[in-house]
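All remarks here apply to the structure that follows.
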Amino acid sequence: MDHQKNEIADYVLKLISQTQQTVFLTGKAGTGKTTLLKEIIKNTHKNTVVVAPTGIAALNAGGATIHSMFQLAPGAFVPDMGFIPSTEMEHKFESPASLIKKFKMSGQKLGVLRSLDLLVIDEVSMLRADLLDAMDFVLKRVRRKERPFGGVQLLFIGDLLQLPPVVKPDEWSILQRYYQGMFFFHARVLQHSPPLYVKLKKIYRQSDESFIHVLNNLRNNVVSNEDIQLLSKFVNKDFDFNNAPGYIYLTTHNNKADQINKNALAKLTTKEYIYEAEIEGDFPDRMYPMDANLVLKEGAQVMFTKNDLAHDKRYFNGKMGFVSSLGKDEIFVHFPEENLTIEVERYEWNNVRYKTNENTKDIEEEIIGTFVHYPLKLAWAITVHKSQGLTFDKAVIDVADVFQPGQAYVALSRLRSLDGLVLMDHLRMNGIQNAADVMQYATQEADEKKIKVTIEEGTAHYLYQFVRNAFDMSGLHFLWKKHLESYIQNTELTEKGRSMVWAQENVAQLSSILEVSQKFLSWIDVHFNQKPTDYSLINVKITGAFKHFFDVLDPIVIQVLEKIEIVKRSKRSKEYFDELFELEEGTTSIVLNMKRACLLIKTHLDGQNINKDALTDDFVKSYRSGKLENAKQKVKHSKLQVIEDEEDFSYYKRKEKKPKTDKKPTEEVTFEYWQKGMKMGEIAKERVVTVGTIQGHMARLVAKGKIHVSELFTSLQIQKLSVIFENYGGENLAELKEKASDDFTYGELRIFKASLTASEG
């Protein structure tokens, strides 16, 4: 990795992990923004949620859409409590008042937003200022904090000189009263707390200096006569696109791209195959990463839409080839320049939702739906919009109809070099000027000195705030006191009414430590603000404070968990169950945050990197789960009379979803389930995919030698398959499927085929 990239990446990781600084991470196409985002998600210890303005962008970033995460309706947000839209415009506008009126979130989503430390917004060029202000309003309300975004740190990622936000004229007629523009940096919430502007500079897609120079000038609205003359050398109005295999046509309009692809496919006389996506669970059609039906013929020019997950990386997002062979359930693509033919495997896209881990209170992802399909699309033509993030070796670019700032830059920057460029017409700057306010905003880029000072000052402030928040008992005391006040209307005849004395005792306990907490917070204020700060002394003091408060809070956690175990088995106690769950969550969070504060100061004192591993020890991982198990056993063996005594029975138990597990190769996750003794059908249900998808995983595991074919088939089946595969030369499986008839599925044939070339395990 390049030294400059290492340095900037290290700065950004520190800004995110050890400060509360809001950051705007930007850079030209090909500078590695997506790679750095993955690195941040992998290493940060903070509770993180990733969102994006559109469904496709959210899918690519591995997160959720902004509207679904914050439960915002489509339309504009007017940041004015007194704004009342006319009747005919009511459905097009929201305001703080209208959001309050219909505001209702599930307990799970409230838990996520209240536990949130870091919010990452990808593809920020498309983020509208009013939408960001709506997010700010929701976070402040949910978290009950008037700080920007309710105290959540934000990381904006994107290139403002690519695709801009879309605002309808009737929306702008109202919004222009409140905003100077619609880019995210125009949001009201950022006017007094702007993000630190950090830019990645090293370009990894292009190495041709003259091409890079032209792209830089195009970004900056300073295209010179020399640039125009250079690009003019690549204008070829008579270029015969239909007889130029390997070239992709970039246009600005969907209809034109679709028609080119449709016409080119129709000219092929080979048999047409239609491949359908395997869609399981919750995966709305607006989020489909590609058409659900993929229509192909042998000879079709195609492009991969994802990177190869296999070790040998045979293809990448944007790599082009030609369909060499097709079968009912298989596709082979040939790369002429490498004289290489590969079988294409299906790819899994996950629709995720965020939840709070009940044991650690960390935010996790859960898969709620999958879209499994071949990562291919017809590639005679593509729109500039859909080409973002792709890399081409050869492209015919039609920029005559450019209608948005940044489109010409996006189109040209897809190419590795000028060698593969064909322009259908001369570049004209009319209509492709980048927005003046974006260019002005770019002047706010932070230099290295400012970044270093921000990290140094921000780290000290972050340590202080983290420790202070961890040992502040006022919020927990308020939560319990509010709960106690609700007993007024309850009699001793109810499950809740019988617990009134218990609640009074716990509030008394918390009141006794509240005064100690306030005094300790004053001590924290003094000693963190002394320069130089004595972190050794602070480490000793907070370790002692943790023990003191833990001795009071730990019994309360145990008692609440026992109450939950009893109440969840009782009918007509749903409201009380929810109250107990909130009390347990609040109390456990304080215990875990105090422990994490101790780990944080110790890590800083030792000069180690502050990351996920540093702030997660055995105590954090197992504290709640251990207490919960003890509570279950105590209730189970007690003489308390309950309606049901099965250990896992509950009238109110929250439905558990499995955490997202695609941070490792998908077949490795399947392998882990297989090792636990689960069958393929059970694994498919657990992972929200089809059995066919799991069979594909098994084929890869057999090929790697991790599973032997004898574990998947009986000896009789292996004998039959051996006969079917006799004299097999590696071609597609269509003829073999005819021989197999209904005895074996395509997936089973593929597994046995993999065994013929399996590596030694």
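The values are calculated or read from the model by the stated rules, or taken from the named source; none is laboratory data. Model, not experiment: these values are computed from the prediction. Cβ atoms come from the backbone with ideal geometry, glycine included; neighbour counts cover every protein chain shown. Heads up: the accessible areas ignore ligands, DNA and RNA and are worked out on the full protein's heavy atoms, side chains in. Shrake-Rupley method; radii C 1.70, N 1.55, O 1.52, S 1.80 Å.
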Determine whether residue 185 is within 21 Å of residue 391 (Cα to Cα) and either at pLDDT 95 or above or not basic (Lys, Arg) (or both).
-> no
For segment 174-193, indicate whether the set of residues that are touching a Ser or Thr at 6+ places or on another chain (Cβ under 9 Å), open to solvent by less than 50 Å² (accessible area, probe 1.4 Å) and under 25 Å from residue 304 (Cβ atoms) is non-empty.
-> no
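Matching residues to (1) charged (D, E, K, R); (2) open to solvent by less than 20 Å² (accessible area, probe 1.4 Å); (3) farther than 16 Å from residue 383 by Cα:
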{"residue": "213", "(1), (2), (3)": "no, no, yes"}
{"residue": "217", "(1), (2), (3)": "no, no, yes"}
{"residue": "224", "(1), (2), (3)": "no, no, yes"}
{"residue": "227", "(1), (2), (3)": "yes, yes, yes"}
{"residue": "231", "(1), (2), (3)": "no, yes, yes"}
{"residue": "237", "(1), (2), (3)": "yes, no, yes"}
{"residue": "250", "(1), (2), (3)": "no, yes, no"}
{"residue": "256", "(1), (2), (3)": "yes, no, no"}
{"residue": "267", "(1), (2), (3)": "yes, no, yes"}
Is it the case that segment 661-671 has a residue that's out of contact with any strand residue (DSSP E or B) (no Cβ under 9 Å at 6 or more places or on another chain), open to solvent by 40 Å² or more (accessible area, probe 1.4 Å) and of a type in the set (Asp, Glu)?
-> no
Strands (runs of 3 or more DSSP E) enclosed by segment 19-130 - at least 3 residues per element that are under 16 Å from the mean Cα position of the chain (by Cα) = 48-52, 118-121
Please go through segment 719-744 and pick out each residue that is at pLDDT 85 or above and open to solvent by 40 Å² or more (accessible area, probe 1.4 Å).
-> 719, 720, 722, 723, 726, 743
Please give the number of the condition residue 478 fails out of (1) among the aromatic types (Phe, Trp, Tyr); (2) touching a residue at least 40 places away in the same chain (Cβ under 8 Å); (3) closer than 27 Å to residue 560 by Cβ.
-> (2)
Which pairs do you get when a residue that is part of a strand (DSSP E or B), found in segment 331-345, comes within reach of a residue that is modelled with pLDDT under 90 and among the basic types (Lys, Arg), reach meaning Cβ atoms under 6 angstrom, with the pair 6+ apart or on two chains?
-> 342/314
Please determine, by comparing only the residues of segment 134-152 that are open to solvent by 10 Å² or more (accessible area, probe 1.4 Å) and not basic (Lys, Arg), which one is nearest to residue 60 (Cα to Cα).
-> 136
Could you count how many residues in segment 395-429 are small (Gly, Ala, Ser), at pLDDT 85 or above and surrounded by 20 or more Cβ atoms within 10 Å (Cβ to Cβ)?
-> 1
Does residue 362 meet the test of being under 17 Å from the mean Cα position of the chain (by Cα) and in contact (Cβ under 8 Å) with a residue 60 or more places away in the chain?
-> yes
What's the number of the condition residue 616 fails, among (1) under 26 Å from residue 117 (Cα atoms); (2) among the β-branched types (Val, Ile, Thr); (3) assigned to a helix (DSSP H, G or I); (4) open to solvent by 30 Å² or more (accessible area, probe 1.4 Å)?
-> (3)
Just need a number here: residues in segment 619-637 that are farther than 24 Å from residue 39 by Cβ and open to solvent by less than 40 Å² (accessible area, probe 1.4 Å).
-> 7
Selection count, segment 544-599, where residues are open to solvent by 20 Å² or more (accessible area, probe 1.4 Å), among the polar types (S, T, N, Q) and touching a helix residue (DSSP H, G or I) at 6+ places or on another chain (Cβ under 6 Å) = 1
Determine the pairs where a residue that is within 13 Å of residue 753 (Cα to Cα), located within segment 697-711, has a partner that is of a type in the set (Lys, Arg) and part of a helix (DSSP H, G or I) with Cβ atoms under 6 Å apart, the partner being 6 or more residues away or on another chain.
-> 699/750
Among the numbered criteria (1) open to solvent by 60 Å² or more (accessible area, probe 1.4 Å); (2) farther than 19 Å from residue 473 by Cα, which single criterion is violated by residue 494?
-> (1)
Residue match in segment 462-469 (condition: out of contact with any helix residue (DSSP H, G or I) (no Cβ under 8 Å at 6 or more places or on another chain) and open to solvent by less than 50 Å² (accessible area, probe 1.4 Å)) = yes
How many of the residues making up segment 377-390 are open to solvent by less than 30 Å² (accessible area, probe 1.4 Å) and more than 17 Å from residue 322 (Cα to Cα)?
-> 4
Counting only residues that are in contact with a strand residue (DSSP E or B) (Cβ under 7 Å, 6 or more places away or on another chain) and either of a type in the set (Asp, Glu) or in a helix (DSSP H, G or I) (or both), which one in segment 688-715 is nearest to residue 373 (Cα to Cα)?
-> 693
Keeping to segment 72-112, report how many residues are modelled with pLDDT of 85 or more and of a type in the set (Asp, Glu).
-> 2
